[in-house]
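The values are calculated or read from the model by the stated rules, or taken from the named source; none is laboratory data. The shown structure was predicted, so the numbers you read here are calculated from the model rather than taken from an experiment. A quick note on method: Cβ atoms are made from the backbone with ideal geometry, for glycine too, and the neighbour counts reach across all protein chains shown. Remember, those area values only see protein heavy atoms, side chains included, never the ligands or the DNA or RNA. Shrake-Rupley method; radii C 1.70, N 1.55, O 1.52, S 1.80 Å.
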Amino acid sequence: MMKDKKYLLIPGPTPVPPRVIEAMSRPIIGHRSAEFQTLMERVTGKLKKVFQTENHVLIMGSSGTGGLETAVANLVNAGDKVLALSCGKFGERFAELARIYGAEVDFVDFGWGYDIDLRVVEKKLAADPNIKVVFATQNETSTGVQNDIEGLGKIVAQHQAVLVVDAVSGLAAIDLKTDEWHVDVVVSGSQKALMLPPGLAFISVSDKAWEKIEKNTSPKYYFDLLKARKSIAKWNTAYTTPVSMVYGLEAALDMILEEGLENVFARHKLLAKATRAAIQGLGLELLAPDECASMAVTAVQSPMVVDADTLRKVLLRDYGVTFAGGQDIMKGKIFRIAHMGYADKFDVITAIAALEMALGKVGYKAELGAGVREAQMVFVGGEHA
Ligand code: PLP
């Protein structure tokens, strides 16, 4: 085996395209220069297209969690009632953050492997008109479940509450019509479907949300959205911008826009479909049902003969392939295969071919080629459709 040949198939950080790496290797320019302002103006325009919004999209130097904290710090006042809709690890994170900022959190746990039940949300909001913020996750990375954000947006728009969506792992993989679907705040991160290294968070903010932000009293400094808004008016950020990441961001956005947003979503859908078909072809169980299966990451229950982490160790040791494990209550019980960002058909084929060989090594009887064949069938069908 070639030691340096690796296949990173985790849901972030994801592989970075050569075009993005090349852009990032340009000489640094001053972040307060006219040249940088021109770059930021261009990049912000492209970012808005990918966010499908006319609102401000602000760029922060932080990981995705910094973006989530920014949303909470700017929208939640101590004592506010908020509704946190959770389907796994990242839904829980929003609730934890809201509690830290003093919110009275109504935490609704739909369970790991399930999506948000919109009827519950409808009832909760109708019963309590004082709810100020609704937090939800577009793509729950910990379970491979995606939520109906369009449906959620329709419900929340009828109330005074603002809808805040964690799209850290879903934006640019799964459709999210920010304005049309009434999503007030969308948070995303660089290292997932946006095909960049870790280090940037993005946050779009609607007028309805700005009204709340302008009155917010929670303590904050670096993550102050009013400062960020003031700076973006001058095509800048409040503090030193990660300049190289912005170069890379423009290249990544160009790739997405050249492919076309609809085509990007269709590619992710096809890869998810092929992955799921392959897993079933191997006789393994998927965690998420078809109706709410993520287009960006597939969670698979570990076969009875072995725990998921042992299988993952064999995959890395013998084939250089990295899948993600389960988090928290799912540790050892599932493994997760990402198909997001700079991913195409042969990433799925590689993942499944390696999985078949590793399964044999841990004593699970899977016919070699049984999964690969299912994936190929989806691709052939897809191409000829
Ligand atoms: N939200 C979701 C849905 C995620 O998948 C992640 C990361 O995996 C995060 C939030 C947190 O992002 P970060 O690890 O960049 O802070």
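Before moving on, here are some points about what is shown:
- In sequence order, the range 303-314 has phi-based couplings of x, 3, 5, 7, 7, 4, 6, 5, 4, 5, 5, 5 Hz under the Karplus curve 6.51 cos²θ - 1.76 cosθ + 1.60, θ = phi - 60°, and Gly or Pro positions carry x.
- Percent carbon-and-sulfur accessible area, the chain, ignoring ligands, DNA and RNA, probe 1.4 Å: 54
- Couplings 3J(HN,Hα) of the range 174-179, computed from phi: 10, 4, 8, 8, 3, 6 Hz, in residue order, whole Hz [Karplus 6.51 cos²θ - 1.76 cosθ + 1.60, θ = phi - 60°; x for Gly and Pro].
- Looking at the range 241-286, the GluC sites (Glu not before Pro) that sit in a DSSP loop and have at most 16 other Cβ atoms within 10 Å of their own Cβ are Glu285.
- Listed cross-link partners Lys177/Lys227; Lys81/Lys192; Lys227/Lys269; Lys81/Lys208; Lys124/Lys215; Lys177/Lys269 are compared with a 28 Å cut-off, the Cα-Cα value being larger for Lys81/Lys192; Lys227/Lys269.
- Cut-off 17 Å, label 7 Å out along Cα→Cβ of Ala34, residues of the range 217-250 by amide N: 234-236
- Share antiparallel - DSSP beta bridges, the chain, percent rounded to 5: 50
- In the chain, the DSSP-assigned H stretches of four residues or longer account for a calculated mean residue ellipticity at 222 nm of -13500 deg cm²/dmol, using -39500 (n - 2.57) per stretch and the full residue count as denominator.
- Taking all protein chains into account, the per residue accessible area for the range 30-144 stands at 37 Å² (1.4 Å probe).
- Take the Cα of Glu96, go 7 Å toward its beta carbon, and the backbone nitrogen atoms of the range 129-147 under 14 Å from that spot belong to 142.
- Rounded, prolate or oblate (a/c below 1.5 giving rounded, otherwise prolate when a/b exceeds b/c) for the range 128-273 by Cα gyration tensor: oblate
- Distance between the range 82-102 and the range 125-189 - C-alpha centres, whole angstrom: 13
- When you restrict to C-alpha pairs under 8 Å that are six or more residues apart and normalise by the size of the range 18-258, the relative contact order lands at 29 percent.
- Karplus (6.51, -1.76, 1.60) ³J(HN,Hα), θ = phi - 60°, over the range 257-262, in Hz, Gly and Pro reported as x: 6, 5, 5, x, 3, 4
- Shape of the range 170-244 from the C-alpha gyration tensor: oblate (a/c of 1.5 or more and a/b not above b/c, with a ≥ b ≥ c the square roots of its eigenvalues).
- Restricting the GluC sites (Glu not before Pro) of the range 170-244 to loop positions (DSSP other than H, G, I, E, B) with no more than 14 neighbouring Cβ atoms within 10 Å leaves Glu180.
- Rounded to whole Å, the principal axis extents of the Cα atoms in the chain read 61, 54, 38, largest first.
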